[in-house]
Amino acid sequence: MAVELNPEDEYVIMPVKILERILRYATVVCQDYCPAGRDPATCPYIVTLSKRLGLSPPPCVNDYGDYNKNTFRILIKDLERKYGMGIDEFINNVRRRKPRSLEEQTDFMEAIFYVGVLNELSNFREIIIAKGSDIIVRKAIVIK
């Protein structure tokens, strides 16, 4: 099976062992900075790669389970029911007037995260894993 790569994108080829080290480090950062410092555009990749490589998942997997569209749609619907408005309206209202309670502040942070993750999952970039013998590189820059 041939994999079509976008000629406009740049790709990184690295041994899986190095990627595992980077993911372990990222998971430690998750533990220290989540939820305030989380990035909804990065979290799905950390979760997906950790699972694929058999590494311990980040702690958020205990809260959200697998990162899939359906899970985050349900989480958004729950917040919409709770506040009686669409998620975008809720986010915009809280931004305008500031949160009225700690619970609303938490729900606001979660809402932004849920929407961001759902957007990223809708535009999820393909991750390609190949053995060294299956990779052909004609022009590359080697970083040492």
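The values are calculated or read from the model by the stated rules, or taken from the named source; none is laboratory data. Being a predicted model, the structure only gives us computed values, none of them experimental. Backbone-built Cβ (ideal geometry, glycine too); neighbour counts: all protein chains shown.
Can you tell me which residue within region 93-104, out of those that are surrounded by 12 or more Cβ atoms within 10 Å (Cβ to Cβ) and under 25 Å from residue 60 (Cβ atoms), is farthest from the chain's Cα centre (by Cα)?
Looking only at region 93-104, we keep the residues that are surrounded by 12 or more Cβ atoms within 10 Å (Cβ to Cβ), and these are 93-94, 99, 104.
From what is left, the residues that are under 25 Å from residue 60 (Cβ atoms) are 94, 99, 104.
Details: 94: 24, 99: 25, 104: 23 Å.
Out of the qualifying residues, it is 99.
Here is a list of conditions, (1) at pLDDT 95 or above; (2) part of a helix (DSSP H, G or I), and residue 85 meets all of them except one; can you say which number that is?
(2)
For residues in region 1-55 being in contact (Cβ under 8 Å) with a residue 60 or more places away in the chain, within 12 Å of the chain's Cα centre (by Cα) and in a helix (DSSP H, G or I), which is nearest to residue 136 (Cα to Cα)?
49
Please give the number of the condition residue 76 fails out of (1) at pLDDT below 95; (2) aliphatic (A, V, I, L, M); (3) part of a helix (DSSP H, G or I).
Condition (1) is where residue 76 drops out.
Filter region 93-134 for residues that are among the hydrophobic types (A, V, I, L, M, F, W, C) and outside any loop (DSSP other than H, G, I, E, B) and give the result. Step through it out loud before you land on a result.
Applying the first criterion (among the hydrophobic types (A, V, I, L, M, F, W, C)) to region 93-134 yields 94, 102, 108-109, 111-113, 115, 117-118, 121, 124, 127-130.
Matches in region 93-134: 94, 102, 108, 109, 111, 112, 113, 115, 117, 118, 121.
Of all residues in region 36-57, count the ones that are surrounded by 13 or more Cβ atoms within 10 Å (Cβ to Cβ) and in contact with a Ser or Thr (Cβ under 9 Å, 6 or more places away or on another chain).
Looking only at that region, the number is 4.
Please state which of the following conditions residue 142 fails to meet, knowing it meets all the rest: (1) under 29 Å from residue 7 (Cβ atoms); (2) among the hydrophobic types (A, V, I, L, M, F, W, C); (3) under 25 Å from the mean Cα position of the chain (by Cα).
So residue 142 meets the others, but not (3).
Within region 105-119, can one find any residue that is surrounded by fewer than 17 Cβ atoms within 10 Å (Cβ to Cβ) and of a type in the set (Gly, Ala, Ser)?
No: zero hits.
For region 58-67, check the following and say yes or no: at least one residue is loosely packed, with under 10 Cβ neighbours inside 10 Å, modelled with pLDDT under 90, part of a helix (DSSP H, G or I) and not small (Gly, Ala, Ser). Outline the logic, then answer.
So the first thing to find is which residues in region 58-67 are loosely packed, with under 10 Cβ neighbours inside 10 Å, and the list is 62.
Those still in the list that are modelled with pLDDT under 90 too: 62.
Applying the additional criterion that residues be part of a helix (DSSP H, G or I) yields 62.
Okay, now just the ones that are also not small (Gly, Ala, Ser), so 62.
So far as region 58-67 goes, yes, one or more of its residues are loosely packed, with under 10 Cβ neighbours inside 10 Å, modelled with pLDDT under 90, part of a helix (DSSP H, G or I) and not small (Gly, Ala, Ser).
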